[in-house]
Every structure is written in structure tokens, then in C-alpha cells.
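The structure under discussion appears below in the form of C-alpha cells.
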Amino acid sequence: MKIKEEKKKSKSVQNSKSEEVEEEQPSITEQNKLKLKQKQKQLPSHSDSDSDPDYGSPYVSDSEDFSEDGDFDGSLSDSEAGESGSSGDEGVVDSDVDDGLHNDQENQSNSSESHQGVEESDSSEDEVAPRNTVGDVPLVWYKDEEHIGYDLNGKKIKKRTRKDKVESFLESADDAKNWLKVYDEYNDEEVEVTKKELKLINRLLKGKAPHSDFDPYAPYVDWFKWDDAKHPLSNAPEPKRRFIPSKWESKKVVKLVRAIRMGLIKRDKPKEEQQFYHLWGDDSSSTEKANHLSFIPAPKSKLPGHEESYNPSLEYIPTQEEINSYQLMFEEDRPKFIPRRYTSLRSIPAYDNAVKDVFERCLDLYLCPRVRKKRINIDPESLKPKLPSRRDLKPYPVTCYLEYKGHMDAVVSISIEASGQWLASGSLDGTVRIWEVETGRCLRVWEFEEAVKFVAWNPLREIPIVAVSVGQEVFILNTGLGDEEEQKNIKELLRFETPVAPDDSGDKVSVASWHQYDKHEGIRLRHFKTVSSVEWHRKGDYFSTVMPADILFPDTLTDVKTSMPLLIIDLLHVHCLKSRAVLIHQLSKKHTQRIPFKLRGLPVSSVFHPTKKIFFISTKKNIRAYDLQKQKLIKKLETGLREVSSISVHPGGDNIIVGSREGKLCWFDMDLSSKPYRILKCHPKDITNVAFHRSYPLFASCSDDCTAYVFHGMVYSDLNQNPLIVPLEILRGHTSSNGRGVMDCKFHPRQPWLFTAGADSVIKLYCH
């Protein structure tokens, strides 16, 4: 009875401990099961358990050791459950033991070793052997086979069926522990990383020791010191050899001295500094490198041959026919030296200064600083910008299609009507002509007493009138084109009964006055100085005039009412006249007003913005943009040129091209910077005018070198993309007259055609 009670107590203790182990370590592996079965074989028989009151207690202690380890996760729950069953029923125990003996009858001789292997060990022999036993044989050899190797029994390990990538991806998305799985290519299986291994990996990634109980800063232990030490490790006296010179060292010194005396050992001689060196020697191959800059040898001149001799043989002396043929050759193909014959060295012309020339040459080579420049092997073609082909940028003007002849002197200005059907031209012969573009027929001619400076056609098709600048007067003329209703409106627009006084009538000098011009059925607008240019507003009612003469120190000023010369004494009034060099006129109200801005410099030209209420004024150095509505300066463009000659605004209004007197053309992107985006040096002489096309991405420039350049200028709506500028064609055909070439150029408003006016009194039309 006592034995049975003790058995029940042991069973209850085992069950409680097994539950604790199950909670802590729920996982189990096949290897742990095998080891537990081997241990069951070593358990005592039923009779021994009855006789031993402490049966089961040593097994419980072993299970506690396993549970404290972490290698056998939850392996004791099944084993202890088997023991509890065996204590309750003897037959069950016998059957279990018999099954274990039947399964492991081949390993009975090693049962004691397996029982010892249950305990944890650091030996590599206790590790689980890999399933594949091919060793270091590369797996590539099994690429075309159905297996990847052999197991411990020599059987083939077949390859697993490969899953589709979509299927494997869906499985990985559903599996929460997919990130813990690693594919073992050697054994062809997936291995799941345990939490303990994750902790080791994290510690190694952080640069720590793999085990958490390792102390990297353990205190130092001095094994040669202790608290109760009374004597040193060795109490022996100092040896005698520490105080007496060594005889072996003295013998070694004697041997070295004898070897030096006999010449067996040679000492390194000190380097002698060279006092003199060959001035013209080639030291480029020398390996010695000084602290200063590397020596660069002087260039070697070619040694003289028989041709350079003062008395060469007759075969080297050319005949007179050969000398005459040299004159017909190009300069680069002509021989640099022609041999001649002299009786003696003293008769050579260069003999008198020969010694002096040689001495100066030596000084030049000796004193001239030479620098070695590193060359970079770069293909020159790669440095050129990649531009589109000209064939892809067509159409653009290429050849001269038509010539307009009739003027007797240089044509200084041309203007095309808004529909592109009529052309107006002004010449220094004092005439203004109206041409039909398609036929070249002259329709009308106006004659004036002075040379015509500028002509400008009204931008509206229903108002075919022309503004002509002649000296100090601007004429608004009716061309007579259009239907009867349009002509009726034009006559009403150009007629008024009394002259209208300007706004500045209270000033001492009037800037402009309006008069009826009955001779040519128009209006005469008289200024106090010579007008150089006239520009219309896009609405056709306003136009501006520019008087670029120096107003601070004028030659003569005239009263617009009496046409009498005036003497200005009030300097303050002269300063006010400087701001009146640019005037804005309103045709419908016959009204003139000066700009409310202070000009800094002499104006050259003025342009209205194509879409906004902005007014551009160019001086010799800069270009200023003013807001006419707010009456303030918006932007100042710094050209950096010597003198500005002309400007033109892109139809979009954000880009401007500027021509100069030095042959440079500047492209300004107002949204980008106040500095030029591109500077093109295309003309060797002054640029007389620049022009944009209204609808095609083209712009042109003309110069006194009798040429006109056509460019492709594409402006993109994307602000991150810079404008594309490509040179297309050079148009020639005009001849020079009095040092002047092409005076003006304008594009056709609808077609990719270019009109040029030359100093040779000819107007040319270039078509695509």
C-alpha cells in the first residue's frame, strides 16, 4: 500500500512538471523523440519499479534538465504521459517497451551511448548530420538529374517539385512566418529560423557577442599578484652578466672592423651635388625627381640639311621657272625656304646679326618658363551640341525668289501688311513705295523732301495705313487699299479741323504737334528732333516714336509751331526733354504723351509687348521693360554689348533677341535671368535689324556684311526646358554700297518667307 501511494505521488509530481514544460517549450522534433525512446529502453522493469520506492524521480530530474535547456522544446510531455500510463497499467508498459525494443533492435549495442547523448554537449560529433551526403560535389552536376544526392542509406534524394512563382507568392502572402523561412539548396528543403537563432543574428548584426551572458568588459585579473604576497616570484640575486661587457659582442665588433678595412664591406658614399649641368641636354628620361617642378627640355630644332647650306649643290637650287610657279601656289603649300648660293659665309645677309640672334635665342630658351600641360583624350565631335537635322526643321527661307527694283538709293526700311499681300519700303532717295508681294508690281509712290528713315504698316487689316518717318516729321498716309467702307472709315480717322495742342503746352518747347497733311491725304506729326523709328501697338490705335539724338547737348532745337530754332538756357528744362525722347501717340484722339519714366541713357528703339501692357525701351547698353498700367519698371536686361542696334520680341512675349553694332546677337529668356541665355557671334560687321516670325519658330538677323542669317528658335511651354536655337541658312545676294549691306529684314506674316532690303536699292524675297 505504501508503495502504491508513493507511486501516485510521483505520478502527480511528474504530471505537474510536464505541464510546466509544455507551456514553456511547445515545439518538438523527430530527433528528440528518438532520443526519448532510447531512454525508455533503459527504464527498469515493472518488478524493479515496484521494489524501488523512488522510481520515476531520476527521470523527473532529467526532464528538468531538458526543460532548462532550450534545445528540446516540449519533448517531455509525450514521454511523461507514457510513464504515467505505464505505472497505472503494467501491460501497457510492457507493450510500449516491447515496441521500442522491436524498433531499435539493431542499435542495442549502442544504447548506453545514446543514453549518454541525451545530455547537452558542445562537441561537433553530437550535431545532426546533413541529409545529403554528396560532400563538396557541386550541385550543378545534378542539374539535369531527378535527384540532388544520396542520404545515409545510399538512397537517392529526389528533387521537390518546383512551384509556380505566382503560387509561391500567394502562399508567402498567406504565411505569417514566411520571413523566417530560408531555402537550403544543399538539402533541397526550407529551414525555419528559430527565435533563439534570431536573437543570435540580431546580436551579431549589432556587433555584439552571440551569447548574452558574455561580458566584453570583464575586470582584469593579475595572476602574479595576491593579497598576502610577502616575497616576489623570484628572490634570486641579479646575474653577473648584467654588469660586465659581453665578450661575444666585442668579438663581433672586431670582425666588422676587419671586414671594413679589407674592403669586404663598402660604405655608401654621400651623394655629390652637381655644380654644373648640360643646359641643352635631354633630361626627360632621367629617373631622379627633384622637389621642384619637373624639368621640361627645350624643343629641339630640326638639324640643317644640304638645302640650308650657304653653298649647296646645283641640284638643290630651283630654277627661275620653279620660283615663278611658287607664286601661283597657295601660301600653306608654298615652300618656306628657297635655297640660294653664296660665295662665302660672310656674304650671307644674316651673318652680321647671326651671333646676336643665337645669343637671344639661347636667352629665350633659358629664361622662357615652360609648363607641362596635361592633355585629355576627348573626341572633339562629342563636345559639339547635338542639334536636330536641318531637314527636320523645314520649311525655312533658302533661295531668292523675287526682286523688287525701283528705288534709286539704299532701302533703309520695309514693312509688310497684316495679310501679307502688300509691302511698303522707304529709301534714302526720299520715296516710299507700295509693292504687290506676289507679282513685284509697284502700286504707289510718295515723294518727300528728305530721306525716309522708317516705315511701319498698321497691324490691323481693316485699317491699311502706313506711318512714315522723314526727318523730324512722322506722316500717317492712306494707301488707298481696301473697299469703300474701309476707305470711308480711314478718311474720317485721318481728318480733323484744327491742330491739336499737346499735353505739355505749358512748357517752353513743345515735343510734338498734329497737322493736316493735304498733299498726300494724311496727318503730319511734327517733333522737335529727328525720329528714327516708329512702332505700332497690336490694337492699331497707339504708336511710339523714338528720337535717339543727344538731347542734353543738342545741335539745334526747333519749335514745332513756328519751326524756328530755339536757344535753351534752362538746364532743368533740358533734363526734362531727355525723358521726351520716346513718345506715345494715340491716333483716334490725336493725342501725344511722354512716358512717365526716367530714361537712363540714350534710347535706340522701342517695342510694345505682343499680348500684355508692357513697353520695352532699349538704350545703348541695357533694355528696360515697363508696365504702362502700373507705371513702374518690371525688369532690366543687361546685354553686356558695346551698343545695341535693334530688338525684337517673340510672339509669346517671354523671349527677346537683341542685335548689336559689334555683330553679336543675344537671346534673352525673361523667365530665366536678366543675363543673355545665348550669345551668337555670327556677323563680322554691325547687325542692322533682327526679326521674329509670327507663327513659325524662326528668327533672322541682317548685317552690313551683305548677309542675312536664318535660325530655328523653338520656345517650349514647359518652363524646365530651355529654348532650342539652331542655325539654318545664310542668305546672300546683296552687294555692298558705301560700306553698307543689308539694311532691314522682315518675315512674311503667314508664310516662311523673308524680305531683305539692301544698300544696293534692291528688295529681295527669299522663299523655302
Unique match (being part of a helix (DSSP H, G or I) and open to solvent by less than 100 Å² (accessible area, probe 1.4 Å)) among 244, 260: 260
Test: residue 641 is more than 21 Å from the chain's Cα centre (by Cα) and either assigned to a loop (DSSP other than H, G, I, E, B) or farther than 21 Å from residue 396 by Cα (or both): yes
Looking only at region 748-761, and only at residues there that are open to solvent by 20 Å² or more (accessible area, probe 1.4 Å) and not basic (Lys, Arg), the one that is farthest from residue 456 (Cα to Cα): 760
Subset of region 324-340 [over 21 Å from residue 302 (Cα atoms) and surrounded by 12 or more Cβ atoms within 10 Å (Cβ to Cβ)]: 325, 326
Which numbered condition residue 202 fails, given (1) more than 46 Å from the chain's Cα centre (by Cα); (2) surrounded by 10 or more Cβ atoms within 10 Å (Cβ to Cβ): (1)
Selection from region 700-721 of residues that are surrounded by 15 or more Cβ atoms within 10 Å (Cβ to Cβ), in contact with a Leu (Cβ under 9 Å, 6 or more places away or on another chain) and either aromatic (Phe, Trp, Tyr) or not in a strand (DSSP E or B) (or both): 709, 711, 715
Single match in 365, 393, 387 (criterion: open to solvent by less than 80 Å² (accessible area, probe 1.4 Å), among the aliphatic types (A, V, I, L, M) and within 30 Å of residue 728 (Cα to Cα)): 393
Count of region 165-193 residues which are closer than 30 Å to residue 136 by Cα and touching a residue at least 12 places away in the same chain (Cβ under 8 Å): 9
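Yes/no matrix, rows are residues, columns are (1) over 37 Å from the mean Cα position of the chain (by Cα); (2) in a strand (DSSP E or B); (3) more than 19 Å from residue 698 (Cα to Cα):
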residue	(1), (2), (3)
727	no, yes, no
734	yes, no, yes
744	yes, yes, no
749	yes, no, no
755	yes, yes, no
Extreme residue, nearest to the chain's Cα centre (by Cα), among residues of region 653-699 that are in a strand (DSSP E or B) and of a type in the set (Lys, Arg): 678
Residue within region 682-693 that is open to solvent by less than 60 Å² (accessible area, probe 1.4 Å), of a type in the set (D, E, K, R), within 30 Å of residue 401 (Cβ to Cβ) and touching a residue at least 40 places away in the same chain (Cβ under 8 Å) present: yes
Members of region 296-323 that are among the hydrophobic types (A, V, I, L, M, F, W, C), assigned to a loop (DSSP other than H, G, I, E, B) and open to solvent by 60 Å² or more (accessible area, probe 1.4 Å): 303
Residue 356 surrounded by fewer than 10 Cβ atoms within 10 Å (Cβ to Cβ), modelled with pLDDT of 85 or more and under 26 Å from residue 300 (Cβ atoms): yes
Elements of type strands (runs of 3 or more DSSP E) in region 127-194, at least 2 residues being surrounded by 10 or more Cβ atoms within 10 Å (Cβ to Cβ) and in contact with a Lys or Arg (Cβ under 9 Å, 6 or more places away or on another chain): 147-150, 189-192
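The values are calculated or read from the model by the stated rules, or taken from the named source; none is laboratory data. The model shown is predicted, which means the values in this text are computed figures rather than measured ones. Note that we place each Cβ from the backbone using ideal geometry, even for glycine, and neighbour counts take in every protein chain shown. Keep in mind that these areas ignore ligands, DNA and RNA; they rest on the heavy atoms of the full protein, side chains included. Shrake-Rupley method; radii C 1.70, N 1.55, O 1.52, S 1.80 Å.
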